[in-house]
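Data block below; observations after.
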Amino acid sequence: MKDSRQLRLSLFTVPDLSIGRSPLTPQNSQIDPRRVRYLEGLIAYLSSVFEDLQKRYTRSDALSRLEKLLAQVPYSELVKINANGGPLVSEIPSARDRIVFNQERVKITFLDGLHRRTETPAIPAGRYAPQVSRIVSMLSHGVSEEALARILRAGDVGLGSVIKSLRDLRVIEEVDPSVPIVPHGLVEGTKDRLTWLGHACLLFQTSRASVCVDPFLRPHIKWSEKDLKACFSDSFGERLFFEPYGPHLTQLSPAQLPPLDAVFVTHQDIDHCNLGVLMMLPENLPIVVPDCHPDRAWEVDLSVLIKNVLGRRRKVIRLKHGETITIGDIRATAFPFFSEMPSSLTTSWNCYLFESDHAAVACTADSAVTDESVDFLIGRLRGKRKPFVLCARLLHSGKKSAGYRDEMESLFNFTRLWAWYTPVWDLFHPVEEPGISEGRFRRLSRGTNLRFYLPYAMGTAPWYRIPDVSDPLHVPMANLSIRDVRALAEKLDAASKGPALFPGKFAQPFSLVDA
């Protein structure tokens, strides 16, 4: 290989993480032995119930009654009934991987949007995950073969054959480092500008700093005929946010982010705190995360998780509500995150207000913008003429929902943590809806120079619409429709001297100073 060439992770590739057989989620990214005791107790209970049923019914009837009982039990999908031999009730092979963090079973897979393989290349990294993470970080931005060989020789785990296999699969490519991969628009300009990068990922840049929030970037994708039918439609809201819109639209790999000064994470869900994407970023990049209280089992300690998986070299900063950190000429203040959790389960999750001398941006992700949130924003921005952008879910009437639901037709979502810890009597306690009520929106508009409203954190990109659930690139996520966006625009237009719909397009910086 010529000296000028480098090895780099393909732009069609993004690493993903799992615990053994289960994707890494909030539920299995921390340890709670009570969940294992529940699993073991559930198996013992069902086995004893069957023994009792057999005293009164035939084996066939007893099995039928046991299966009906199982359907009513929380977390029933963790076990199976073996009617044809072996232990009658046993845990499914992935049960423990789904409910508890096990460092030894950490696996790093490589999502490949170009070849779309039935089997995803993977490294069973285990406790060596930090070393693998370091290699992935270097490969994401390009490293010479000689430098990579030196690092591999100095490591504690033999990755030489793994790197060769990934090169053979074209997950790692030989590239010319003089050819830029970061879009020109993301590195030029000196004025304050905001860029939407899909879902809840935002890039706020000034003349002196660049910060990214909730990076959840997917790999470049080679679309299949099935994808073209399911992922693109004029009825989807994203057609307003892309230019051009269609199979040839611009995608952005994490490796194509411009040089950053910090990354901010709002909360623990994998579409906001994605360790695969964070793995690709430079090891010395500050990662700002919410604080965590050890007595709240439903909160993931993101600082501990990031260091366990990505390594102790990572610079992780906890930011409590009301605290401010300065990145260049950007001041970032954390304020409380509400919703996405039953009201009895308080969290330390963060929304963020980013301020420069010329602009302000509030990132609320999946949070409800409450009276407290509005009071905070008005208190910070009242009387200031600099343009302000609110990034939030949709406007709504203000009516509270009857208990927290990830999906309205289901009481529990067993991939989330809250279902383990919510008291039964709290299941139907009213909770705030994500987004902002029309009344609070009007008050915020009157009290600040709110110029733009960016509806986000709802998928709203074609690569979140891949329909095949067995496809590793599939992400089950809600999306905005064109009707949603138009209804929001009409409400904004009806507000006297109110903000406009954010006019920026995907991966295209929008100047806030000239707006």
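The values are calculated or read from the model by the stated rules, or taken from the named source; none is laboratory data. Please read these numbers as outputs of a predicted model, since none were measured by experiment. A quick note on method: Cβ atoms are made from the backbone with ideal geometry, for glycine too, and the neighbour counts reach across all protein chains shown.
Points to keep in mind about this one:
- Residues that are at pLDDT below 90 and of a type in the set (A, V, I, L, M) number at least 1 in the following helices (runs of 4 or more DSSP H) confined to the stretch 402-515: 418-421, 482-494.
- The listed residues are V361, V300, and the only one of them that is in a loop (DSSP other than H, G, I, E, B), touching a Cys at 6+ places or on another chain (Cβ under 9 Å) and either within 30 Å of V513 (Cβ to Cβ) or modelled with pLDDT of 95 or more (or both) turns out to be V300.
This table checks each residue for (1) at pLDDT 95 or above; (2) surrounded by 14 or more Cβ atoms within 10 Å (Cβ to Cβ); (3) touching an Asp or Glu at 6+ places or on another chain (Cβ under 9 Å).
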position: A44; (1), (2), (3): yes, no, no
position: R65; (1), (2), (3): yes, yes, no
position: T109; (1), (2), (3): yes, yes, yes
position: D112; (1), (2), (3): yes, yes, no
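- Candidate set: the stretch 313-339, residues that are part of a loop (DSSP other than H, G, I, E, B) and in contact with a Pro (Cβ under 7 Å, 6 or more places away or on another chain); chosen: the one surrounded by the fewest Cβ atoms within 10 Å (Cβ to Cβ): K315
- Of all the numbered requirements in (1) touching a helix residue (DSSP H, G or I) at 6+ places or on another chain (Cβ under 8 Å); (2) closer than 30 Å to E51 by Cα, L159 misses one, and that requirement is (2).
- Single condition A149 does not satisfy, out of (1) part of a strand (DSSP E or B); (2) more than 30 Å from G504 (Cβ to Cβ): (1)
- Evaluation of V469 against (1) touching a residue at least 12 places away in the same chain (Cβ under 8 Å); (2) closer than 30 Å to E243 by Cα; (3) out of contact with any Lys or Arg (no Cβ under 8 Å at 6 or more places or on another chain); (4) not small (G, A, S) (one fails), failing number: (1)
- Hits in the stretch 270-321 (condition: in contact with a helix residue (DSSP H, G or I) (Cβ under 6 Å, 6 or more places away or on another chain) and of a type in the set (D, E)): E283
- For the stretch 364-385, the candidate set comprises residues that are surrounded by fewer than 16 Cβ atoms within 10 Å (Cβ to Cβ) and part of a loop (DSSP other than H, G, I, E, B); within that set, the residue that is modelled with the highest pLDDT is R382.
- Taken together, the residues in the stretch 114-134 that are surrounded by 22 or more Cβ atoms within 10 Å (Cβ to Cβ), in a helix (DSSP H, G or I) and out of contact with any Asp or Glu (no Cβ under 9 Å at 6 or more places or on another chain) amount to 2.
- Number of the condition not met by G276 [criteria: (1) part of a loop (DSSP other than H, G, I, E, B); (2) under 13 Å from P215 (Cα atoms)]: (1)
- Within the stretch 71-94, if we keep just the residues that are surrounded by 12 or more Cβ atoms within 10 Å (Cβ to Cβ) and either out of contact with any strand residue (DSSP E or B) (no Cβ under 7 Å at 6 or more places or on another chain) or aromatic (F, W, Y) (or both), the residue that is nearest to V300 (Cα to Cα) turns out to be Y75.
- The one condition in (1) more than 23 Å from the chain's Cα centre (by Cα); (2) among the hydroxyl-bearing types (S, T, Y); (3) over 20 Å from Q27 (Cβ atoms) that S133 fails to fulfil: (1)
- Residue check for F236: closer than 18 Å to M458 by Cβ and in contact with a Gly (Cβ under 8 Å, 6 or more places away or on another chain): no
- Selection within the stretch 486-512 - farther than 30 Å from V14 by Cα and surrounded by 15 or more Cβ atoms within 10 Å (Cβ to Cβ): L488, A489, K491, L492, A495, G498, P499, L501, L512
- Each residue in the stretch 215-267 was checked for being out of contact with any helix residue (DSSP H, G or I) (no Cβ under 9 Å at 6 or more places or on another chain), part of a helix (DSSP H, G or I) and buried (at least 20 other Cβ atoms within 10 Å of the Cβ), and 0 pass.
- Residue match in the stretch 460-471 (condition: outside the structural domain of L249 (by TED's automatic domain parsing), in contact with a Ser or Thr (Cβ under 9 Å, 6 or more places away or on another chain), within 23 Å of F216 (Cα to Cα) and of a type outside the set (F, W, Y)): no
- Tabulated pairs, the stretch 202-213, first assigned by TED's automatic domain parsing to the domain that holds A359, second at pLDDT below 95 and not small (G, A, S), C-beta under 6 angstrom, 6+ apart or interchain: S207/T190
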